[in-house]
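Report on the following structure.
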Amino acid sequence: MPYDAMSDRSDESLLAAYAAGEPAAARALTLRLGPRAFGLAMRMLKDRAEAEDVAQEALLRLWRAAPGWREGEAKVSTWLYRVVSNLCIDRMRRRRGGTVDLDAIAEPADPAPSAESELQESARGAALQAALDTLPERQKQAVVLRHLEGLSNPEIAAIMDIGVRAVESLTARGRKALEGLLRSRRAELGYDDD
Amino acid sequence: MTMTDKRKAEEGGLAPWFEAGRAEAPAPSGDWLARMEAMALEEQPAPRAVEVPVPQPARRGRLREMLAALGGWPAMAGLAAACATGIWFGAAAPSGLPDWLSVSEGDAITALEPASGFDYAMLGL
């Protein structure tokens, strides 16, 4: 059986079919959107149980929004990414026990010793994830959506509720910070041979 | 330049790191996906009932009843044909027919009207 048996249908069309009570649409949308919601939550939270909770909550909200969904109003994937992102940021703030200082968004990442000590992973992907985890949350969110989820800047702008220029600025600062954090790992992880 | 090319250009020296990150996309467990599918089905609205049009009883209007009283469409067709013929004769009388009501043939009028208006007055009609 193909991974997504209804791959020729758009998310919006499937959501309309879901709202009309078509069980196949429920299955296809779960298979299509569930891994994406979980993947983003996992990259943001780095905790499987929390990522599952967040993705479940986002999917539940989607199913409940389905009957009132107006086709053409919003892209389903963008809406879902937005809900997942907001839920993740709520959890990240709660972990820290405080609110985010907006000034922190503009600050470049601080390659502090604690961050450097986290970069002890042997795998390249794990090293990247560890570096990402040291970024301010909005920078991390923008970089993950842009470079790991592969979204366009306008889509990220809609998800983060900011302008495209602000997205470009966040991702540029995030990349700069990552370069600083990962520079010392290049030789260790074999990138100087590339 | 495609979106992917643009993104690659942005990534620069970080491209290999991001490629490694994309290759290690976190995947959910099969159990979790099965639970999500069950939740989706549980939350799904009931299928919309297909609305079957209720047959309306045939309504007979006054015109339809009058038509039936006259004998239906065949009778109406005969009436229409007779009416059209009459109008045609009035508008363009066939040349082969005699002009029965010509004013110059007063006798013919008398022949057609055996009793005059005077006769009727005398009889008290």
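The values are calculated or read from the model by the stated rules, or taken from the named source; none is laboratory data. Small disclaimer: the values here were computed from a predicted structure and weren't measured. Every residue, glycine as well, gets a Cβ built from its backbone with ideal geometry; the counts of neighbours run over all protein chains shown. Each accessible area value is taken on the protein alone, full model and side chains, heavy atoms only, with ligands, DNA and RNA left out. Shrake-Rupley method; radii C 1.70, N 1.55, O 1.52, S 1.80 Å.
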Query raised in the report: Summed for both chains, how many Å² of accessible area, to the nearest 100, are buried between A and B with a 1.4 Å probe?
Result: 3600 Å²
Query - Rounded percent of accessible protein surface that carbon and sulfur make up, the stretch A:1-99, 1.4 Å probe - result: 49 percent
**Report entry** Inter-site label distance for residue A:162 and residue A:71 at 7 Å from Cα along Cβ, in nm
**Finding:** 3.5 nm
Query raised in the report: Per residue of B:30-38, what is the mean number of Cβ atoms on other protein chains within 10 angstrom of that residue's Cβ?
Result: 5
Query raised in the report: Are any of the pairs A:46/B:8; A:46/A:75; A:176/B:8; A:75/A:176 more than 23 Å apart by Cα-Cα distance, and if so, which?
Result: A:46/B:8; A:46/A:75; A:75/A:176
Query raised in the report: Going by average Cβ neighbours within 10 Å, how do the peptides B:20-28, A:37-45, A:144-152 rank, with the highest at the top?
Result: A:37-45, A:144-152, B:20-28
Query raised in the report: Rounded, prolate or oblate: which fits the stretch A:1-99, taking a ≥ b ≥ c as square roots of the Cα gyration tensor eigenvalues, rounded meaning a/c under 1.5, else prolate when a/b beats b/c?
Result: prolate
**Report entry** Neighbourhood net charge (10 Å Cβ-Cβ; Lys/Arg +1, Asp/Glu -1) for residue A:51
**Finding:** 0
